[in-house]
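These notes concern the structure reproduced below.
Bear in mind that the values in this text are calculations on the coordinates, not laboratory data. For clarity, every value in this text was computed on a predicted model and none was experimentally measured. Heads up, the Cβs are rebuilt from the backbone with ideal geometry, glycines too, and the neighbour counts pull from every protein chain shown.
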2 protein chains.
Amino acid sequence: MAQMLAFGPIAFHAIVVMRDRGILEALAKNRRKNGLAIETISEECGLSHYATRVLLEAGLGLKLVWRRDGLYHLTKLGYFILTDEMTRINFDFTRDVCYDAATQLDAALSTGKPAGLKTLGPWDTVYQGLSAMPEPAMSSWHNFDHFYSDQAFPVMVEKLAAENPSSLLDIGCNTGKWAYTCLQRLPDLRIGLVDLEPQLERAIAHLTPLEATTPPKCYPLDMLDPMARLPDGYDIIWMSQFLDCFSEQEIIAILCKVKEGLKPGAKVWILELFWDRQRFEAAALSLQQTSLYFTCVANGNSQMYDSEVFFDLIRASGLTISSVTDNVGQYHTLIECTASTSL
Amino acid sequence: MAQMLAFGPIAFHAIVVMRDRGILEALAKNRRKNGLAIETISEECGLSHYATRVLLEAGLGLKLVWRRDGLYHLTKLGYFILTDEMTRINFDFTRDVCYDAATQLDAALSTGKPAGLKTLGPWDTVYQGLSAMPEPAMSSWHNFDHFYSDQAFPVMVEKLAAENPSSLLDIGCNTGKWAYTCLQRLPDLRIGLVDLEPQLERAIAHLTPLEATTPPKCYPLDMLDPMARLPDGYDIIWMSQFLDCFSEQEIIAILCKVKEGLKPGAKVWILELFWDRQRFEAAALSLQQTSLYFTCVANGNSQMYDSEVFFDLIRASGLTISSVTDNVGQYHTLIECTASTSL
């Protein structure tokens, strides 16, 4: 395992090239058959004999392929790397968003700044660049972000329908995907959108085709601005994959703002991914490594949290956790909070 | 494993930072004791609480560390990453020589050129830059190259002493490390050195302090030059970790040159690393991934060979394989060849 990790970055590229140049595909078409010679794969993929051989041999050690009598076969691991959407999205995210930036991990950890972000653009945080990032980073970022929330939103919108609120404030609405899901299912819902200006413009463009009874209302706010005040009067305050973008102190400050504007009986719904509340080790691993994306690329001081750390921040803000639901969709946890009357 | 590979490059940097910033060391000092809190490690390593936490949590998924009651412990894997010299050298080689270049793997495979080499310097092949490469790439390259040959040289020099030749031609002498080992043990040996000019200068500087009966003779030659002719009259023609730097066609051409200059009774000793002749899977894996360094960085058309492929090249040159000895030192294979009289 030590050597696997030591050569991890080289292996990473070998795998991506085998995937994108059709080597895994050629082998997949031949699954449970006789195996393929280097020459056959070379012709099918338009790569030289040498190129095909070094890739296949790298794949042997990584156990993406196996060989008998000079003929190559795909392993289950190789098959998943080819066909599993989550795996594809994670590889693309690492390659297009994180790979170059990751060399700046030490600098990012030392300074508390996302020292690797300069590989993508001239912003202080990635959030300022989300609507302006170059391709393929732009697509890979959003595919990564959406893939996970897409699994939770259908479940959550039904839960919301059962709750039957008249209004919802979506803090950190980003592309407006959640608001879109809500308005499709609950066209009478009155929605407020909070985010930085460029994201709001994009979200509204996304939502305009929908026929909502009340058009969504935009609140361009930087939640880190001490002077920023949230609108009040909403039944549900919604934050999905939002608070993980902030440091501990910032999360407390944001939750204090949320608490201030909370009307009696209103609920705060926080949808998050916690590495310590995953059913599968691979999911915990993925979230733990994703934390380093936040360090290097996003803003230098946030992460995918340990839920114990996160719950302490909620308590510190004065909000009361009324329920915790794990495995929403597959990987998310819903935390429902209310204003504590006892504090 | 798919997710481990997908986040491999990010994990790689987390590991290196944990090693170089003293986190693994702090945990190693506490081995078989009570474990350490994030706060303790943070203070000891001069990293923020946040920085320490994201690294340790990344280490959990990678199984470098484990945690109980909020206290962190080092695993056996973490201990080896800290203390095993080979592992350290492999990590440094990947980081300093290969990491940036590896993004050019697809380009290198398509063109047959070392497309990633431009990240280190303006050379056509890495061999032109070996004496001029910037640090830390320079040290990491040589540490990597020497670490493996250093294990084989003491065994080989005894084998050479038993053979008692009067002369040896070292083709691809590089820094002169093998010649140095020979002359220390066998001061009467007449040595010829073949390499590119800059490497020869460095080798001679390295050998000058030694009191050899006959000073080593230099032959500045590019073995790929069709007009280049090797000197004749040497008893042993020595090529260590040299032929893996060439393509199949080039290896045949070089071996043909060697055969031409071979005096009656002379022997060709080829010391190489073959991934299919390793005792340990980790060694095979390492060699298979190292092939991609040859693709991206070295010259775009060479690799750590499958011995079956390599033996065919020797036969194609008209040389006869008289013996093959595996596990020389730990990882090398010695191939002894002679001029075939029957061909």
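At 222 nm, what helix-only mean residue ellipticity would the protein assembly as shown give, in deg cm²/dmol to the nearest 500, using -39500 (n - 2.57) for each DSSP H run of four or more?
Helix-only estimate at 222 nm: -13500 deg cm²/dmol.
If you wrap a convex hull around the C-alpha atoms of segment B:207-269 and split its volume per residue, what is the figure in Å³?
111
Quick one: label points 7 angstrom along Cα→Cβ at residue A:324, distances to the other copies in nm, smallest first?
Shortest to longest, the spacings are 6.0 nm.
Looking at chain B, what % of its DSSP beta bridges pair antiparallel, to the nearest 5?
50
Quick one: among B:232, B:69, B:195, which has the greatest mean-square fluctuation in a GNM of chain B with alpha-carbon springs under 10 angstrom?
Result for chain B, Cα springs under 10 Å: B:69 fluctuates most.
Connecting C-alpha atoms closer than 10 Å in a GNM of chain B, tell me which of B:62, B:255, B:243 has the biggest fluctuation.
Most flexible of the set in this elastic network: B:62.
Let me know the Kirkwood hydrodynamic radius for the protein assembly as shown, please, with Cα pairs as the basis and the value in Å to one decimal. Mind dumping the intermediate values first?
Numbers: mean 1/r = 0.0357 Å⁻¹.
After inverting the pairwise mean of 1/r, the radius is 28.0 Å.
How would segment A:129-234 be classified by its alpha-carbon gyration tensor: rounded, prolate or oblate, with rounded meaning a/c under 1.5 and the a/b versus b/c comparison settling the rest?
oblate
On the first, second and third principal axes, largest extent first, how far apart are the outermost C-alpha atoms of segment B:2-83 in Å?
33, 25, 25
So how compact is segment A:69-213: Cα radius of gyration and Dmax in angstrom?
19.3, 68
Out of B:224, B:319, B:292, any idea which swings most in a Gaussian network model of chain B, alpha carbons joined below 10 Å?
Answer for the Gaussian network model of chain B: B:224.
Which entries in B:177/B:263; B:29/B:159; A:177/A:259 show an alpha-carbon gap greater than 32 Å?
B:29/B:159
With viscosity set to 0.890 mPa s at 25 °C, what whole-number translational diffusion coefficient in µm²/s follows for segment B:58-144 from Stokes-Einstein and a Kirkwood radius over Cα pairs?
Rounded, D is 163 µm²/s.
log₁₀ I(q)/I(0) of segment A:148-339 at q = 0.15, 0.18 Å⁻¹, via Debye over equal Cα point scatterers, no solvent, to two decimals?
-0.90, -1.34
Fewest to most neighbouring Cβ within 10 Å: what's the order for B:110, A:286, B:149? Walk me through the numbers on the way to the answer.
Working: B:110 17, A:286 25, B:149 20.
Starting with the residue having the fewest Cβ neighbours, the order is B:110, B:149, A:286.
Defining the label point at 7 Å along Cα→Cβ, can you sort the distances from residue A:146 to the same site in each other copy, shortest first, in nm?
5.3
Sorted from fewest to most neighbouring beta carbons within 10 Å, what does the list A:287, B:55, A:210 look like?
On the way: A:287 27, B:55 30, A:210 15.
Fewest to most other Cβ atoms nearby, the residues stand as A:210, A:287, B:55.
Considering the convex hull of the alpha carbon atoms of chain B, report its projected area averaged over all viewing directions, in nm², one decimal.
19.6
For residue B:134, place a label point 7 Å out from Cα along the Cα→Cβ vector, do the same in each other copy, and report the separations in nm, one decimal, smallest first.
Sorted ascending, the copy-to-copy spacings read 1.9 nm.
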